[in-house]
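Peer 1: I'd like to ask you about the structure that follows.
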Number of protein chains: 2
Amino acid sequence: MTTPATRWAILDGQRVPHEGATVHVSDLGLRRAFAVFEIFRVEQGVPLFLETHLARLAHSAGAVGLPLPRDVDALAGDVHALLEANAPGVTAVHVLLSGGPSDDGVTLEQPTCVITTLDLPPRATTVTGATLITHRHTRELPEAKSTNYLSAMHLATTMRAAGAIDVLYHDGVDVTECARSALAVVLDDTLVTRRKGVLESVSMTNLLGLARERMAVEERAITLGELRAADEVLTTGSVRGVVPITAIDGRPIGAGTVGPHAHALSTAFAEHVARYVAARRGGLAAETR
Amino acid sequence: MTTPATRWAILDGQRVPHEGATVHVSDLGLRRAFAVFEIFRVEQGVPLFLETHLARLAHSAGAVGLPLPRDVDALAGDVHALLEANAPGVTAVHVLLSGGPSDDGVTLEQPTCVITTLDLPPRATTVTGATLITHRHTRELPEAKSTNYLSAMHLATTMRAAGAIDVLYHDGVDVTECARSALAVVLDDTLVTRRKGVLESVSMTNLLGLARERMAVEERAITLGELRAADEVLTTGSVRGVVPITAIDGRPIGAGTVGPHAHALSTAFAEHVARYVAARRGGLAAETR
């Protein structure tokens, strides 16, 4: 419907047709899963929380040992240029930093950065409960948003069969994070989420700011027992926003319906995003006046 | 020196120039590390233990949930065709089965299989001791040879600084396997190696057959304490063959020199490979007569 005639991508700073955004099979990102990435929504042409996502990309790169071939300001320029080239109809951007071609399959030479736009379904505008499945697994180098999703991909069929939207990882004692989102629980009107040993979630950082205006917030580990006994559970991520969780592994959470805190936080998050977009669009309008 | 004028690769059964062996950035192998592979040596035009490697590729694919787009007989034909096209000078073959392009970055559509030749340095002909470093880590889905090497890549600099050739993983109690090879220890003239919860090593399978002709063999877990106290340690893999390990984390194993069992097994392995190559070359010669 709104797909532009030519869809572009940016490969190491150069505009290329989307179909031409390829890497060689000798790329360490493909051959050794030596790659980190970011994905973020675009609303009304505004890339949501772009600076925070690019800062996290730089942090992920440092954590796994990949040098960033272009600085974050150059990458931000690339993203804006790509959005202009592909507008309208873009709903998300994917930035991949890959190890780059390596003839021996081991030695790092020059990393590659590829920016593509995605046409994901828009974020849900109604607050609806969803379900999770759990799996015992700890991500490698959890502070990095690496491309290592093998467990999640392996569980994709099980997840879909269960009607679940994500896989919640735990270590047998504590829950950590979902494969594609961060998790928080409500216990006695307190929002509890783990921030150590997990990916620093851009959405959760935003959500905690909003939550502190309305309720107590604790940043600490959550046991599997607390998860089962929680009054409410929610996930948040850059693609889906805030999603109330009403059942885990087929067992209802609380009353098995969307709770008041999750509902309020979901709405507050949507409003926060709308304010962010309005402010950036105002800035863009001012710039082009 | 012996590089052919055009180097070829095989992409989903089709011959393409090596430089053209690319995948799109939307490929799940790149975006979600949803890929498995095999690498094996080629000696005098003979791909070493080809059938065993392709059988393991099929097993890995099943373990992670990737359908094999071409059956192993077709893949074997691809390998032979590629060796003929790129001969001489090929020392190894890499077969990558990747999740394939996926516009939403999650949904599996059609996996891609890419076969390339590598020009690795030849296997060492002298038996020399090497060193390892250790790292606490358990590979995801260890029975699959997946491309998930994030920990190994992250440790590459540390490993090189230590002069080590590989990283030995352990779970805090038992050792499991190296990032790129299998491990065995000699305890009281018995060769001990773990076969469960680790990748089924093609080289180790071959080596155990040879070892049983000369010494007792036990297949079981090895504790970190046993590793430190072992009389001898060795690794084996398809790229390097059998390599005696004379130090781990800077501490000598046994006398800190190549022990008699490791030396004998290394020699026996090289002879086994030579017999395999001679038999296959005989077969090839008979076929073409």
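The values are calculated or read from the model by the stated rules, or taken from the named source; none is laboratory data. As the structure is a prediction and not an experimental result, all values here were calculated from the model. Because the Cβ atoms are built from the backbone with ideal geometry, glycine has one as well, and the counts that use them run over all protein chains shown. These area figures cover heavy atoms from the full protein model, side chains too; ligands, DNA and RNA do not enter into them. Shrake-Rupley method; radii C 1.70, N 1.55, O 1.52, S 1.80 Å.
Peer 1: Looking only at helices (runs of 4 or more DSSP H) that fall completely inside segment A:71-166, which ones have 3 or more residues that are modelled with pLDDT of 90 or more and outside the structural domain of A:Pro252 (by TED's automatic domain parsing)? Let's see the steps before the verdict.
Peer 2: Details: elements: A:72-86, A:150-154, A:156-161.
Filter on segment A:71-166 gives A:72-86.
Peer 1: Here is a list of conditions, (1) open to solvent by 10 Å² or more (accessible area, probe 1.4 Å); (2) at pLDDT 95 or above; (3) under 18 Å from the mean Cα position of the chain (by Cα), and A:Val239 meets all of them except one; can you say which number that is?
Peer 2: (2)
Peer 1: Test A:Val25 against the criterion of being modelled with pLDDT of 95 or more, touching a helix residue (DSSP H, G or I) at 6+ places or on another chain (Cβ under 6 Å) and either away from chain B (no Cβ under 14 Å) or crowded, with 22+ Cβ neighbours inside 10 Å (or both), and give yes or no.
Peer 2: Against the criterion (modelled with pLDDT of 95 or more, touching a helix residue (DSSP H, G or I) at 6+ places or on another chain (Cβ under 6 Å) and either away from chain B (no Cβ under 14 Å) or crowded, with 22+ Cβ neighbours inside 10 Å (or both)), A:Val25 does not qualify.
Peer 1: So, one more: When you scan segment A:37-48, do you find a residue that is within 11 Å of chain B (Cβ to nearest Cβ), of a type outside the set (S, T, N, Q) and under 23 Å from the mean Cα position of the chain (by Cα), even just one?
Peer 2: Here is the first cut: in segment A:37-48, the ones within 11 Å of chain B (Cβ to nearest Cβ) are A:37, A:39.
After this cut, where a residue has to be of a type outside the set (S, T, N, Q) as well, the list is A:37, A:39.
The next check asks that each one be under 23 Å from the mean Cα position of the chain (by Cα); those that pass are A:37, A:39.
Yes, because at least one residue in segment A:37-48 is within 11 Å of chain B (Cβ to nearest Cβ), of a type outside the set (S, T, N, Q) and under 23 Å from the mean Cα position of the chain (by Cα).
Peer 1: Could you list all residues from segment B:205-224 that are in a helix (DSSP H, G or I) and open to solvent by 50 Å² or more (accessible area, probe 1.4 Å)? Don't jump to the end; show me each part of the working.
Peer 2: Going through segment B:205-224, the residues in a helix (DSSP H, G or I) turn out to be B:205-211, B:224.
B:Thr205 - this is the single residue of segment B:205-224 that is in a helix (DSSP H, G or I) and open to solvent by 50 Å² or more (accessible area, probe 1.4 Å).
Peer 1: Let me ask something additional. Going by the conditions given, is A:Leu66 at negative phi, over 19 Å from the mean Cα position of the chain (by Cα) and open to solvent by less than 20 Å² (accessible area, probe 1.4 Å)?
Peer 2: Yes.
Peer 1: Which of the residues belonging to segment B:72-131 are of a type in the set (S, T, N, Q), within 22 Å of the chain's Cα centre (by Cα) and more than 30 Å from B:Leu265 (Cβ to Cβ)?
Peer 2: The answer is B:Asn86, B:Ser98, B:Thr112, B:Thr116.
Peer 1: Now for a different question. Would you please name the residue that is nearest to the other protein chains (Cβ to nearest Cβ), looking only at residues in segment B:140-150 that are in contact (Cβ under 8 Å) with a residue 60 or more places away in the chain and open to solvent by 20 Å² or more (accessible area, probe 1.4 Å)?
Peer 2: B:Leu141
Peer 1: A further question follows. Look at A:Arg160 and say whether it is open to solvent by 10 Å² or more (accessible area, probe 1.4 Å), among the basic types (Lys, Arg) and more than 17 Å from the chain's Cα centre (by Cα). Steps first, please.
Peer 2: On the way: open to solvent by 10 Å² or more (accessible area, probe 1.4 Å): yes; among the basic types (Lys, Arg): yes; more than 17 Å from the chain's Cα centre (by Cα): yes.
Yes; evaluated as a whole, the condition is true for this residue.
Peer 1: Then there is this: Which number in (1) surrounded by fewer than 23 Cβ atoms within 10 Å (Cβ to Cβ); (2) under 30 Å from A:Val36 (Cβ atoms); (3) within 14 Å of chain A (Cβ to nearest Cβ) marks the one condition that B:Trp8 misses?
Peer 2: In the conditions (1) surrounded by fewer than 23 Cβ atoms within 10 Å (Cβ to Cβ); (2) under 30 Å from A:Val36 (Cβ atoms); (3) within 14 Å of chain A (Cβ to nearest Cβ), B:Trp8 misses (2) alone.
Peer 1: A further question follows. Hey, can you tell me all the residues within segment B:170-204 that are assigned to a strand (DSSP E or B) and open to solvent by less than 10 Å² (accessible area, probe 1.4 Å)? Break it down into steps so the answer makes sense when it comes.
Peer 2: Start the filter on segment B:170-204 by keeping residues that are assigned to a strand (DSSP E or B), which leaves B:170, B:174-178, B:182-187, B:190-193.
Result: B:Val175, B:Cys178, B:Leu183, B:Ala184, B:Val185, B:Val186, B:Leu191, B:Val192, B:Thr193.
Peer 1: Looking at segment B:227-242, which of its residues are in contact (Cβ under 8 Å) with a residue 60 or more places away in the chain and of a type in the set (Lys, Arg)?
Peer 2: B:Arg240
Peer 1: If you don't mind, there's one more thing I want to ask. For A:Ala58, state whether it is more than 9 Å from chain B (Cβ to nearest Cβ), within 25 Å of B:Tyr149 (Cβ to Cβ), among the small types (Gly, Ala, Ser) and open to solvent by 10 Å² or more (accessible area, probe 1.4 Å).
Peer 2: So A:Ala58 passes the test.
Peer 1: Follow-up question, since we're still on this one. Could you figure out which of (1) closer than 14 Å to A:Arg240 by Cβ; (2) free of Cβ contacts under 8 Å to residues at least 40 places away in the same chain; (3) of a type in the set (Lys, Arg) isn't true of A:Arg136?
Peer 2: Only one criterion is unmet by A:Arg136, namely (1).
Peer 1: Here is a further query. Being surrounded by fewer than 18 Cβ atoms within 10 Å (Cβ to Cβ), away from every other protein chain (no Cβ under 12 Å) and either at negative phi or free of Cβ contacts under 8 Å to residues at least 40 places away in the same chain (or both) is the filter here; which residues of segment A:88-126 pass it?
Peer 2: Listed by number, the residues that qualify are A:Pro88, A:Glu109, A:Gln110, A:Pro122, A:Ala124, A:Thr125, A:Thr126.
Peer 1: For segment A:243-257, check the following and say yes or no: at least one residue is open to solvent by 30 Å² or more (accessible area, probe 1.4 Å), free of Cβ contacts under 8 Å to residues at least 60 places away in the same chain and in a helix (DSSP H, G or I).
Peer 2: Looking through segment A:243-257, none of the residues is open to solvent by 30 Å² or more (accessible area, probe 1.4 Å), free of Cβ contacts under 8 Å to residues at least 60 places away in the same chain and in a helix (DSSP H, G or I).
Peer 1: In addition: Given the residues A:Ala33, A:Ala63, A:Ala9, which is the only one that is part of a loop (DSSP other than H, G, I, E, B) and touching a residue at least 40 places away in the same chain (Cβ under 8 Å)?
Peer 2: The match here is A:Ala33.
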